[in-house]
1. What are the pairs, 6+ residues apart or on separate chains, where a residue within the range 117-140 that is within 23 Å of LEU297 (Cβ to Cβ) and in contact (Cβ under 8 Å) with a residue 24 or more places away in the chain has its Cβ under 6 Å from a residue that is open to solvent by 70 Å² or more (accessible area, probe 1.4 Å) and assigned to a loop (DSSP other than H, G, I, E, B)?
2. Does ALA247 fit the bill of being at pLDDT 95 or above, over 28 Å from THR115 (Cβ atoms) and open to solvent by less than 70 Å² (accessible area, probe 1.4 Å)?
3. Out of everything in the range 43-69 that is surrounded by 15 or more Cβ atoms within 10 Å (Cβ to Cβ) and over 20 Å from ILE108 (Cα atoms), what residue ends up being modelled with the highest pLDDT?
4. Here are some residues: GLU12, GLU75, GLU43. Which one is free of Cβ contacts under 8 Å to residues at least 12 places away in the same chain and out of contact with any Pro (no Cβ under 9 Å at 6 or more places or on another chain)?
5. Could you grab me the full set of residues in the range 306-316 that are touching a Gly at 6+ places or on another chain (Cβ under 7 Å) and assigned to a helix (DSSP H, G or I)?
6. Is it true that some residue in the range 118-126 is within 17 Å of SER36 (Cα to Cα), modelled with pLDDT of 95 or more and open to solvent by 20 Å² or more (accessible area, probe 1.4 Å)?
7. For the range 151-168, what are the residues that are among the basic types (Lys, Arg), within 13 Å of the chain's Cα centre (by Cα) and at pLDDT 95 or above?
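The values are calculated or read from the model by the stated rules, or taken from the named source; none is laboratory data. Quick caveat, the model's predicted, so the values are computed rather than measured. Don't worry about glycine lacking a Cβ; one is built from the backbone with ideal geometry, like all the others, and counts go over all protein chains shown. These area figures cover heavy atoms from the full protein model, side chains too; ligands, DNA and RNA do not enter into them. Shrake-Rupley method; radii C 1.70, N 1.55, O 1.52, S 1.80 Å.
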Amino acid sequence: MLYVIGLGLSDEKDITVKGLEAIKGCSRIYLEYYTSVLTVSTERLEAFYGKPIIPAYRETVELEADEILRDADKEDVAFLVAGDPLSATTHTDLLLRAAALKIPTQVIHNTSILTALGSTGLQLYSFGQTLSLPFYTETWTPGSWYDRLEENLRVGMHTLVLLDIKVREQSEENMARGRLIYEPPRFMSPYTAFQQMLLTEAQRHPPVAAASTSSSASASAPPPAPAADDDDDEPTPDAGPSLLPPASTLAISLSRMGTPTQRLISGTLEELSQLPEEEFGGPLHSVVIVGSRLHPLELEFAGQFAIGGEQGGWWKVGQEVYKVEREGH
């Protein structure tokens, strides 16, 4: 049997009873190391499970899946994933490979950012497509995430934005030279995410002063078609109105969800982008962009985390732009 087991969001004790029982009966245990991480070391997991753990990096899962599945038709093998194994990042390919080899499988679910998201007070039913925001480079600023965000905003839906992590990544030089030297792990912070969002917003909707230099013909042209869903697409100017004006768009940063140091901060996109990076603390992080279908209870609950308290932009924009009426105010 191949067990694909979710570990939850925090530490070794987040595993379910069913998951722990399965692990204790397995002859080999792999821990997936490239889509997410827990807040504790592998050694603590091994001590809690009473079993040695084999690291499974991206190349292990994608190129050496046969080794993971070896003898799984005769003995039990576990494949562990932080969060839930089939939510934010799927491992369906491994399950399909097992099925092709007639290996029985069982998925044991756990909590993930997609459920811990409820801590914001926003209704899960009101979320649209979940997005991933990659690290920008000097030569690569992909904009396909922005197109998906606009699709959500057009129908008033909230958007969960998952922030990039880089674990066991090679530099371009080391990759080109075939050197197996890996960069230190990097985890995108909300600070970086908000700066990148503002950069793409400015590229898609240049400031009025800059836009006024363009010809009247280009100003009257119809909006361009949405970019293809390709992470290599560079942002291009959009003639339509902005759906992400920083001063009047509400957002929430989510840090270390499901852990004892969990922290949420709500405010306008502009306010959040002006916070220092250390304000958000250590990883892991996500961001929510709030859609126009904001309910009064959502406004009140997430307002507990507002920058500036009652005087912050969260309340002003929530009432004046999102048109949410507060009871008793």
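1. SER126/ARG293
2. It is true that ALA247 is at pLDDT 95 or above, over 28 Å from THR115 (Cβ atoms) and open to solvent by less than 70 Å² (accessible area, probe 1.4 Å).
3. Only one residue tops the list, namely TYR57.
4. Only one candidate qualifies: GLU43.
5. Selection gives GLY313, TRP314, TRP315.
6. no
7. The answer is none; no residue qualifies.
Residue-by-condition table, conditions (1) under 30 Å from SER36 (Cα atoms); (2) assigned to a loop (DSSP other than H, G, I, E, B):
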{"site": "VAL287", "(1), (2)": "yes, no"}
{"site": "ARG293", "(1), (2)": "no, yes"}
{"site": "GLU298", "(1), (2)": "yes, no"}
{"site": "PHE301", "(1), (2)": "yes, no"}
{"site": "GLN304", "(1), (2)": "yes, no"}
{"site": "GLY318", "(1), (2)": "no, no"}
{"site": "VAL324", "(1), (2)": "no, yes"}
{"site": "GLY328", "(1), (2)": "no, yes"}
